[in-house]
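One structure is given below, encoded as structure tokens.
The values are calculated or read from the model by the stated rules, or taken from the named source; none is laboratory data. Predicted, not measured: the structure shown is a model, and the values here were computed from it. Cβ placement follows ideal geometry from the backbone for every residue including glycine, while neighbour counts extend to all protein chains displayed.
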Amino acid sequence: MLGFQEKYGDYLNKFNGKLDKFCSELTSKPSVLSESMKYSLLNGGKRIRPVLMYAVGDLIGADEEVFSDYALSLELIHTYSLIHDDLPEMDNDDYRRGKLTCHKVFGTGNAVLAGDGLLNTAYSILFNCCKRGREYTDAAGFVCKCAGIGGMIGGQSADLYCENNAISGEEWLEYIVLNKTAKLITAAVAVPPILKGGKYFLEFKQFGEDLGKLFQIVDDILDVQGDFGKLGKTIGKDKEENKLTYVTFYGIDKSRFIADVIYDKCIKILEGIDGDTEFLKQLTEFVRHREV
Ligand code: GRG
């Protein structure tokens, strides 16, 4: 049986092959548009959303040929969100994954367009998937919902709103984390169940929301205690920019405690699912203790 690193590497290689092919066929006039899109797509990253989708697809026996298109569209959407999140008018970051951010290399206007291009292309891929039939349309609709105003964009808007108006509170915090971060992770684990006619959909939807929450709490902790060399992005910005995060709201110790509670919840959900969930358990462990 493959160990965690090997299995992660296996899924990563499969997905990277798909992404490399996509990038090799991506052209534009002027070329700066596709170059800036590829710069951000190919500059590293954990690819945790595609890896999650491959792992769940594998577990429930979904067709890789099909779900890999959804994994690609999700990574395009994730990458656009990072480009826009790094812009001077948003989080104003110079580094992402240890490299200069898209707007630092190509300028703000080109970075906005690179993000727009990625989002638009992701939706074209999803649109094509819809031609296959009902489940495929449902899965595409689910991804759009998770990425949209009732999902990631809504969460980012709430994040900005709380920062600008110095608003705090548990309700807003939960709303931001669920939507900004957890919804896209939920899409990653819920698409294969939708494609398989709803098998384990509710279990994976709940798992995605909890794992996404765990992912963000750890991100908030790393913003205080992480290492630029490992994370590849500036540390300490949440406090500096008055962000509403788990750590700024609850403090570091309580945030760690909440992370452990949610970790246990994720493991319990996986224990209720038939089949070999060992890799997903190890991935949850990785998310809890990650340094990158
Ligand atoms: C439409 C103007 C406009 C902006 C949209 C929606 C949005 C910008 C930003 C929200 C995205 C965001 C930064 C969410 C936080 C989630 C998070 C912790 C992202 C980092 O994900 P990783 O660690 O990144 O998976 P890698 O580098 O591994 O891919």
Residues of the stretch 80-95 satisfying the condition of being more than 7 Å from the ligand (Cβ to nearest atom), surrounded by fewer than 22 Cβ atoms within 10 Å (Cβ to Cβ) and either under 14 Å from G232 (Cα atoms) or of a type in the set (S, T, N, Q) (or both): N92, D93, D94, Y95
Residues within the stretch 167-222 that are of a type outside the set (S, T, Y), near the ligand (Cβ under 10 Å from one of its atoms), in contact with a Gly (Cβ under 7 Å, 6 or more places away or on another chain) and closer than 20 Å to V261 by Cβ, tallied: 3
Pair list, Cβ under 7 Å, 6 or more apart: the stretch 199-223 residue within 12 Å of V189 (Cα to Cα) and modelled with pLDDT of 95 or more, other residue among the basic types (K, R) and away from the ligand (no atom under 15 Å from the Cβ): D210/K265
Residue in the stretch 229-251 that is surrounded by fewer than 18 Cβ atoms within 10 Å (Cβ to Cβ) and within 30 Å of A139 (Cβ to Cβ) present: no
One residue from G155, G115, G141, G151 being out of contact with any helix residue (DSSP H, G or I) (no Cβ under 7 Å at 6 or more places or on another chain) and of a type outside the set (A, V, I, L, M, F, W, C): G141
Criterion: free of Cβ contacts under 8 Å to residues at least 24 places away in the same chain and among the aliphatic types (A, V, I, L, M) - qualifying residue of L100, L76, L82: L100
Which listed residue is more than 15 Å from the ligand (Cβ to nearest atom), at pLDDT 95 or above and surrounded by fewer than 17 Cβ atoms within 10 Å (Cβ to Cβ), from K29, K46: K29
Meets criteria (buried (at least 17 other Cβ atoms within 10 Å of the Cβ), farther than 24 Å from N43 by Cβ and within 18 Å of the chain's Cα centre (by Cα)) for K196: no
1 or more residues among the small types (G, A, S) and farther than 24 Å from C102 by Cα: qualifying helices (runs of 4 or more DSSP H) within the stretch 170-243: 183-195, 201-225
Q156 vs. criteria under 20 Å from E291 (Cα atoms) and not hydrophobic (A, V, I, L, M, F, W, C): no
Sole exception among (1) crowded, with 21+ Cβ neighbours inside 10 Å; (2) within 15 Å of the ligand (Cβ to nearest atom) for S36, by number: (2)
Count - residues of the stretch 140-169 that are assigned to a loop (DSSP other than H, G, I, E, B) and surrounded by fewer than 19 Cβ atoms within 10 Å (Cβ to Cβ): 8
Residue check, S81 small (G, A, S) and either within 22 Å of K21 (Cα to Cα) or outside any loop (DSSP other than H, G, I, E, B) (or both): yes
Yes/no for A71 being away from the ligand (no atom under 16 Å from the Cβ), farther than 23 Å from E291 by Cα and surrounded by 15 or more Cβ atoms within 10 Å (Cβ to Cβ): no
Failed item in (1) away from the ligand (no atom under 14 Å from the Cβ); (2) of a type outside the set (A, V, I, L, M); (3) not in a helix (DSSP H, G or I), with S124 passing the rest: (3)
Residue in the stretch 34-42 that is modelled with pLDDT of 95 or more, over 19 Å from I153 (Cβ atoms) and out of contact with any Leu (no Cβ under 8 Å at 6 or more places or on another chain) present: yes
